[in-house]
1. At a Förster distance of 30 Å, what's the computed FRET efficiency of L44 paired with Y13, Cβ-Cβ distance as r, to 0.05?
2. With every protein chain kept in place and ligands, DNA and RNA left out, what is the accessible area per residue of region 196-242? Probe 1.4 Å, answer in Å².
3. With a Förster radius of 22 Å, plug the Cβ-Cβ distance of R168 and R102 into 1/(1 + (r/R0)^6) and report the FRET value to the nearest 0.05.
4. Counting helices only, and only those DSSP H runs with n ≥ 4, report the 222 nm mean residue ellipticity of the chain as the sum of -39,500 (n - 2.57) divided by its residues, in deg cm²/dmol to the nearest 500.
5. Among all helices in the chain defined by DSSP H, which have a length of 15 Å or more along the axis from Cα atoms plus a Kyte-Doolittle mean of at least -0.5?
6. Among the trypsin sites (Lys or Arg not before Pro) in region 103-195, which ones are in a DSSP loop with at most 14 other Cβ atoms within 10 Å of the Cβ? Mind listing them?
7. Using Cα springs under 10 Å in a Gaussian network model of the chain, which residue among M28, M180, M17 shows the largest mean-square fluctuation?
8. How large is ³J(HN,Hα), in whole Hz, for each residue of region 210-215 in order, when computed from phi with the Karplus curve 6.51 cos²θ - 1.76 cosθ + 1.60 and θ = phi - 60°, using x for Gly and Pro?
Amino acid sequence: MLQPAHIDASTGYRYYMASQMSKLNRIMVLKDLGFSLEEISILLHSDMDPEHLRTFLEVKHSEILSRVRDEQTRLARIENYMKEEGHAMRYDCVIKQIEPVRVVSIRDHIPTHSEQGHLWQALGEHIEKHGVKVVPPCMVIYHQGSSDSSIDAEVIEPISGDLPETDRIKVKILEGVTEMACVVHKGPYQTLHNAYSSLLNWLEENLYEIAGPQRELYLAGEWSTTDTNEYITEIQCPVRKA
């Protein structure tokens, strides 16, 4: 990048002139400011006026500021993680993209979260009757907007193939979600509130807001183990930046 004024033919020594010192200093300063050698080459080998140089500096300033903010956010999350105690330390919250999936579902209002067995039974009997393949995991979506104290729950089985509908049982494409906040809970359903609490705290700390009904995906349950401590449930919540 800094061409020597003269190269000794016998020794290969490179010689520079005093007049090149200002250019050398410019290279060192730009490198220290975080510019790549390619960017420095552009800055040095074009007839760039001071205004153009200022534009380059403003762009670099924005890039570094963005990285600093990202690192500050990461640092705050590490500090919060270090301060967490008990159950909160067991939960790692992540943002991921969820793809659309073909499902069969039945939706109804139930008095409590635990009183959904009859919905699963009706859905299972319909699936078994028509011999459609289920693609785990099953899930429940808890919808908002109920006018009373009941819970608007939709129990869902992802499927492969066609299935006739009824007045209550519907087949549809469950829409995908670009930003889904997720946390995995291991243990009985009675302690799911710990995972929800951890997820809500994480959303607040990372400046996310809820953007749709939450989903509970049942990865392991009574069909796979008799030990409720081995149940595995993933909570998913659509979000957007606040």
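1. 0.80
2. Counting only protein heavy atoms, the per-residue value for region 196-242 is 53 Å².
3. Given R0 = 22 Å and the Cβ-Cβ separation, E is 0.75.
4. -11500 deg cm²/dmol
5. Correct list, ordered by number: 21-32, 192-205.
6. R168
7. Largest GNM mean-square fluctuation: M17.
8. Ordered by residue, 3J(HN,Hα) equals 5, 10, x, x, 7, 10 Hz.
The values are calculated or read from the model by the stated rules, or taken from the named source; none is laboratory data. Not measured: the values here are computed from a predicted model. Glycine gets a Cβ as well: all are built from the backbone with ideal geometry, and neighbour counts include every protein chain shown. To get the accessible areas, we keep the full protein, side chains included, count just its heavy atoms, and leave off ligands, DNA and RNA. Shrake-Rupley method; radii C 1.70, N 1.55, O 1.52, S 1.80 Å.
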